[in-house]
1. Which of (1) open to solvent by 90 Å² or more (accessible area, probe 1.4 Å); (2) in a helix (DSSP H, G or I); (3) under 30 Å from residue 9 (Cβ atoms) does residue 36 not meet, given it meets every other one?
2. (1) surrounded by fewer than 12 Cβ atoms within 10 Å (Cβ to Cβ); (2) assigned to a helix (DSSP H, G or I): which one isn't true of residue 44, the others all being true?
3. Which numbered condition trips up residue 6, out of (1) under 21 Å from the mean Cα position of the chain (by Cα); (2) open to solvent by less than 80 Å² (accessible area, probe 1.4 Å); (3) basic (Lys, Arg)?
4. Inside region 55-64, can you point out the residues that are within 30 Å of residue 6 (Cβ to Cβ) and either small (Gly, Ala, Ser) or at pLDDT below 90 (or both)?
Amino acid sequence: MGRLWKQVPRVVKQRLGWAAAGCVAVPWVLAEVAKTAYQPGLANDPDHVRRFIDILAISAGVFALSMVFTVALGCVLVAAMKGPTYLGDAFPADRP
């Protein structure tokens, strides 16, 4: 897989890296905001609700990372299908 990953353009690798970082950071930040904005008197067991928010954040992060992995796999498959570049001979159109 190393040879195929080298054929994927650098810009695509950078975007996949940023997308993976966002997939981890955004659910975590949203969960922290939800836990700080949560009012403990709304439910009988506030610890249960906080754990539920954590589980939702983890599951959203794992789902988003699986989507990034799927896109990365597609990029590798496209690079494999294109194959290495070969330089062919020029077409002899100018010859009589």
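The values are calculated or read from the model by the stated rules, or taken from the named source; none is laboratory data. Just so it is clear, the structure is predicted and the values come from calculations on it, not from any experiment. Quick reminder, even Gly has a Cβ in these numbers, built from the backbone with ideal geometry, and neighbours come from all protein chains shown. When the accessible area is computed, the model is the full protein with side chains, heavy atoms only, and any ligands, DNA or RNA have been set aside. Shrake-Rupley method; radii C 1.70, N 1.55, O 1.52, S 1.80 Å.
1. The one condition residue 36 does not meet is (3).
2. Going through (1) surrounded by fewer than 12 Cβ atoms within 10 Å (Cβ to Cβ); (2) assigned to a helix (DSSP H, G or I) one by one, residue 44 breaks only (2).
3. (2)
4. Across region 55-64, the qualifying residues are 61, 64.
The rows are residues; the columns are (1) surrounded by 13 or more Cβ atoms within 10 Å (Cβ to Cβ); (2) at pLDDT below 95; (3) of a type in the set (A, V, I, L, M).
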{"site": "16", "(1), (2), (3)": "yes, yes, yes"}
{"site": "48", "(1), (2), (3)": "no, yes, no"}
{"site": "53", "(1), (2), (3)": "yes, yes, yes"}
{"site": "66", "(1), (2), (3)": "no, no, no"}
{"site": "74", "(1), (2), (3)": "no, yes, no"}
{"site": "81", "(1), (2), (3)": "no, yes, yes"}
{"site": "88", "(1), (2), (3)": "no, yes, no"}
